[in-house]
Amino acid sequence: MIVVFLGPPGAGKGTQAKLLSERMGFLHLSTGDILRDAVKKQTPLGMKAKEYMDRGELVPDSLIVELIENYLPEEGKVVLDGFPRTVAQAEALDDMLNSKGKELKKVILFDSPDEVIIDRLSGRRVCSSCGAVYHIRYNPPKKDGVCDLCGGALVQREDDKEQVIKNRLEVYRRQTEPLIDLYQRRGILFRMDASMNVEELFYEIERVLKVC
Ligand code: ADP
Ligand code: AMP
């Protein structure tokens with residue numbers, strides 16, 4: 001089963017995808033995480049992607065589609081976090097699945113007002129060593145600035161700074177929001193109120209995934 005998590009940056013997709021992976025055995029495929037790792041390791045993909053990511057722009061479709069083709073397993077439960085983000089990516093995903101005799105059955109939309117998104121993005125801190133995600137108020141580490149899991153230093157992502165946040169939200173509206181209509185028309189869109197707390201939201205997502 002393939003599930004797509006669709007929604008603006010900071011809506012909580014990664015947090016819920018991680019829970020799906022821990023509690024329900026889903027493979028969590030986050031294009032953002034894969035790209036950040038590639039940037040850190042200075043791979044050819046990372047070097048091409050960095051300038052787009054720093055500006056809050058989308059990385060070109062061709063690079064992302066190739067990345068997903070390499071990571072998408074033949075079988076099993078997979079949650080796609082942050083992909084597709086353009087109509088061209090959505091079409092490429094359909095082609096990939098169709099060629100394996102499969103189709104996308106569920107897209108979960110993380111629906112949330114801008115105030116919630118900005119509050120979540122500006123308070124997000126990530127571990128510079130293991131990538132664990134915290135929030136200064138909603139999920140603070142036990143010790144300020146230090147990762148509970150590995151002791152690494154917590155930092156703010158460059159693209160979580162105010163100016164880049166604004167651009168990322170505009171990019172989302174322009175390039176990703178059209179997917180809402182596309183999936184709604186297909187009858188596979190499940191809209192969630194992403195302003196709920198982490199456990200409430202997980203409960204709702206789990207309910208949708210258990211039906212059919
Ligand atoms: P996304 O993957 O959609 O960009 P994240 O899962 O990284 O978003 O969440 C963004 C920030 O909001 C993180 O700091 C995270 O700890 C926090 N967060 C995630 N879900 C919730 C929630 N339901 N309530 C409050 N804070 C949340
Ligand atoms: P995220 O962690 O999902 O917020 O992604 C961080 C950044 O990675 C985005 O702002 C884009 O620059 C890039 N990125 C992640 N996923 C995609 C995608 N599906 N298409 C294009 N760019 C992406």
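The values are calculated or read from the model by the stated rules, or taken from the named source; none is laboratory data. Fair warning: this is a prediction, and the values are worked out from it, not measured in the lab. Don't worry about glycine lacking a Cβ; one is built from the backbone with ideal geometry, like all the others, and counts go over all protein chains shown. Calculation scope for accessible area: heavy atoms of the full protein, side chains included, ligands and nucleic acids excluded. Shrake-Rupley method; radii C 1.70, N 1.55, O 1.52, S 1.80 Å.
See the values below:
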quantity: Subset of the stretch 190-210 (residues that are outside any helix (DSSP H, G or I) and open to solvent by 30 Å² or more (accessible area, probe 1.4 Å)); calculated: F190, R191, D193, S195, M196, N197
quantity: Sole residue being in contact with a strand residue (DSSP E or B) (Cβ under 7 Å, 6 or more places away or on another chain) and surrounded by 14 or more Cβ atoms within 10 Å (Cβ to Cβ), chosen from V164, V107, V171; calculated: V107
quantity: Of the criteria (1) under 17 Å from I2 (Cβ atoms); (2) surrounded by fewer than 16 Cβ atoms within 10 Å (Cβ to Cβ); (3) of a type in the set (S, T, N, Q), which one Q89 fails; calculated: (2)
quantity: Among residues of the stretch 1-43, those that are surrounded by fewer than 22 Cβ atoms within 10 Å (Cβ to Cβ), assigned to a loop (DSSP other than H, G, I, E, B) and within 10 Å of ligand 2 (Cβ to nearest atom), counted; calculated: 0
quantity: All positions within the stretch 78-126 that are modelled with pLDDT under 95 and of a type in the set (K, R); calculated: K100, K102, K105
quantity: R55 within 13 Å of ligand 1 (Cβ to nearest atom) and more than 22 Å from L201 (Cα to Cα); calculated: no
quantity: Among residues of the stretch 58-86, those that are open to solvent by 60 Å² or more (accessible area, probe 1.4 Å) and either out of contact with any strand residue (DSSP E or B) (no Cβ under 8 Å at 6 or more places or on another chain) or over 19 Å from G46 (Cα atoms) (or both), counted; calculated: 8
quantity: Count of the stretch 96-150 residues which are within 16 Å of ligand 2 (Cβ to nearest atom) and outside any helix (DSSP H, G or I); calculated: 17
quantity: D54 farther than 26 Å from D181 by Cα, within 11 Å of the chain's Cα centre (by Cα) and either of a type in the set (D, E, K, R) or not in a loop (DSSP other than H, G, I, E, B) (or both); calculated: no
quantity: Selection count where residues are in a helix (DSSP H, G or I) and open to solvent by 40 Å² or more (accessible area, probe 1.4 Å), scope the stretch 151-161; calculated: 1
